[in-house]
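Written below as structure tokens is the structure these notes are about.
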Amino acid sequence: MRSVVVDTAQSGTWREYFNEVQRGVWQWFLVHRRIRALLVGLAALPVLVAAVSPWWQLYLRDSASWPHHVLFAVHKGVMPERGELVAFQLRQSYLDRVEPTGRPRPQLRGDTAWVKRVMGMPGDRVDVVGDDVLINGQVVAQGIGQDRFGVPLELARGRVLQAGEYYTLLPHPRSMDSRYYGAVSQADFIGVAIPLL
């Protein structure tokens, strides 16, 4: 068996060097308080997210139909009021309602979370007059006739919203929303969306 000889003079040098580096790092952190706070915050973020995940969810949106914000905090299980943003699961069944049916729409992915503004509530009357969409007699949106790929789009038929049905829109003229796929079921709501960035 081989024996290992440690030069105590050299190991003392390494210890001194390590202690000097450690002091330098701590001194740098003391001088750069903002960076220290950022690093501590980033280290705490996974713990915070895990702690609030039963009630809150972060949602990153990458759509041109809502260019104002890209990051939302979603308050899970909270029902939206008229005019509030809501996050919901856009089911493939909603997209299957878009007329004319059978047309390829590569920009649409079903069974994903979307954020839209609640404009129609249960009991509201939705009417379509020409290219105008009216809720309770007031124009809230207009149809565009075709999507950005030139594929024709028809407005969903007007009707009275039943219990648990909501009409969701965004102000962008090319937003794919209830104008085309109709009412969204309350059962698919995730919660109220609050813009962060």
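For the range 67-82, how many residues are under 8 Å from the mean Cα position of the chain (by Cα), closer than 14 Å to PHE189 by Cβ and outside any strand (DSSP E or B)? Within the range 67-82, residues that are under 8 Å from the mean Cα position of the chain (by Cα), closer than 14 Å to PHE189 by Cβ and outside any strand (DSSP E or B) number 0. The single condition from (1) under 26 Å from GLN57 (Cβ atoms); (2) surrounded by 20 or more Cβ atoms within 10 Å (Cβ to Cβ); (3) without any contact (Cβ under 8 Å) to a residue 60 or more places away in the chain; (4) not charged (D, E, K, R) that LEU155 fails is (1).
Taken over the range 136-169, residues that are under 18 Å from GLN107 (Cα atoms), touching a helix residue (DSSP H, G or I) at 6+ places or on another chain (Cβ under 8 Å) and charged (D, E, K, R) amount to 1.
If a residue has to be under 22 Å from LEU155 (Cα atoms) and either modelled with pLDDT of 90 or more or not assigned by TED's automatic domain parsing to the domain that holds LYS116 (or both) to count, how many in the range 66-85 make the cut?
Total satisfying the criteria: 3.
Among the strands (runs of 3 or more DSSP E) confined to the range 86-197, the ones with at least 1 residues that are over 24 Å from PHE72 (Cβ atoms), at pLDDT 90 or above and basic (Lys, Arg) are located at 125-129.
The values are calculated or read from the model by the stated rules, or taken from the named source; none is laboratory data. None of these values were measured; they are calculated from a predicted model. Here Cβ is always computed from backbone atoms with ideal geometry, including for glycine, and neighbour counts include all displayed protein chains.
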